[in-house]
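K.L.:
Dropping a structure here in structure tokens format, bear with me for questions.
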Amino acid sequence: MLRYIISSFLFLTFLLGSSQSKPIDLQPKDTVAHTDPYGIRVGIDLSRLLISFLNDDYQGLELVGDYRITNKLYVAAELGNEKNTRQEDLYNFTTSGSYLKLGVDYNTYSNWYGMNNSIHVGGRYAYSTFSQTLNNYQIFDTNRYWNDPEYQINPDPNAVNDFPWGSNVAQEYSGLNASWLEAVLGVKAELFANIYLGASVRIGFLVSNKEPDNFSNLWIPGFNKVTDGSKFGVGYNYSITYFLPLYKKAKKIKEKEEKQPPMPEKPRAPGNP
């Protein structure tokens with residue numbers, strides 16, 4: 001019996017000493033475990049569908065998507081195909097081709113818990129393969145001293161008047177390509193559960209541009225209009241996407257500690273040290 005009492009006393013003494021050896025946190029930090037959905041978001045560009053419906057000279061389709069890899073970072077891509085007939089100065093031409101854009105988006109917006117909206121900035125590397133068909137053209141004549149009626153018979157109502165008619169025989173240039181870098185600024189807002197409406201503005205800078213020998217690439221699928229003497233281009237899109245959650249990842253959010261004001265010292269009585 002005495003041995004049992006002594007053993008119990010030693011065991012309690014050991015537990016008491018070990019508990020007192022650990023520091024006691026008088027202001028513990030509270031942590032809240034949140035889970036964020038991770039997955040793939042895919043959709044379509046609405047602006048190209050609308051323009052295709054309203055403009056008989058244009059046909060376009062763009063698929064968009066992104067994949068969340070961290071809390072703020074997304075891998076993004078766009079895949080599209082466009083066919084556009086335009087009148088630029090004295091040339092009437094048709095451009096047809098496809099393009100692919102790959103890059104990342106970084107979400108700068110801090111969501112409340114349960115929200116997945118974004119105001120993002122990002123970048124893309126884009127590559128396009130296409131062909132150009134010169135439908136007809138006119139000859140630029142600075143003199144225009146006389147106006148032959150033969151030259152005034154212009155089968156294209158969109159062509160520039162008062163210039164001599166060059167050719168109405170279509171000339172096709174195939175095997176063309178271009179690449180560019182693109183800066184992206186956009187937003188995505190969740191309309192309904194897992195359904196997002198997005199919009200973005202893009203500024204592109206041409207890196208390479210393979211042109212035919214006797215005709216310039218005046219319009220590039222995915223890049224839009226090419227300005228003479230400049231490598232910059234502007235684009236945009238309006239997308240509707242569906243988010244497919246694949247898994248959830250937990251994150252810990254540390255709550256800010258409230259700073260306690262220092263306790264005032266107790267005044268000392270006169271004459272006491």
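K.L.:
Here is a check on your reading of the model: is L185 more than 14 Å from the chain's Cα centre (by Cα), of a type outside the set (S, T, N, Q), in a strand (DSSP E or B) and surrounded by fewer than 17 Cβ atoms within 10 Å (Cβ to Cβ)?
P.N.:
For L185, the condition - more than 14 Å from the chain's Cα centre (by Cα), of a type outside the set (S, T, N, Q), in a strand (DSSP E or B) and surrounded by fewer than 17 Cβ atoms within 10 Å (Cβ to Cβ) - is not met.
K.L.:
Under the condition of being open to solvent by 30 Å² or more (accessible area, probe 1.4 Å) and of a type in the set (G, A, S), which residue from the stretch 103-145 is modelled with the highest pLDDT?
P.N.:
S110
K.L.:
Of the residues that sit in the stretch 146-193 and are farther than 22 Å from S96 by Cα and touching a Leu at 6+ places or on another chain (Cβ under 7 Å), which one is modelled with the lowest pLDDT?
P.N.:
V160
K.L.:
Just for the stretch 194-210: of the residues that are of a type outside the set (D, E, K, R) and exposed (fewer than 15 other Cβ atoms within 10 Å of the Cβ), which one is farthest from G103 (Cα to Cα)?
P.N.:
For the stretch 194-210, the residue satisfying everything is I195.
The values are calculated or read from the model by the stated rules, or taken from the named source; none is laboratory data. Predicted, not measured: the structure shown is a model, and the values here were computed from it. Every residue, glycine as well, gets a Cβ built from its backbone with ideal geometry; the counts of neighbours run over all protein chains shown. Keep in mind that these areas ignore ligands, DNA and RNA; they rest on the heavy atoms of the full protein, side chains included. Shrake-Rupley method; radii C 1.70, N 1.55, O 1.52, S 1.80 Å.
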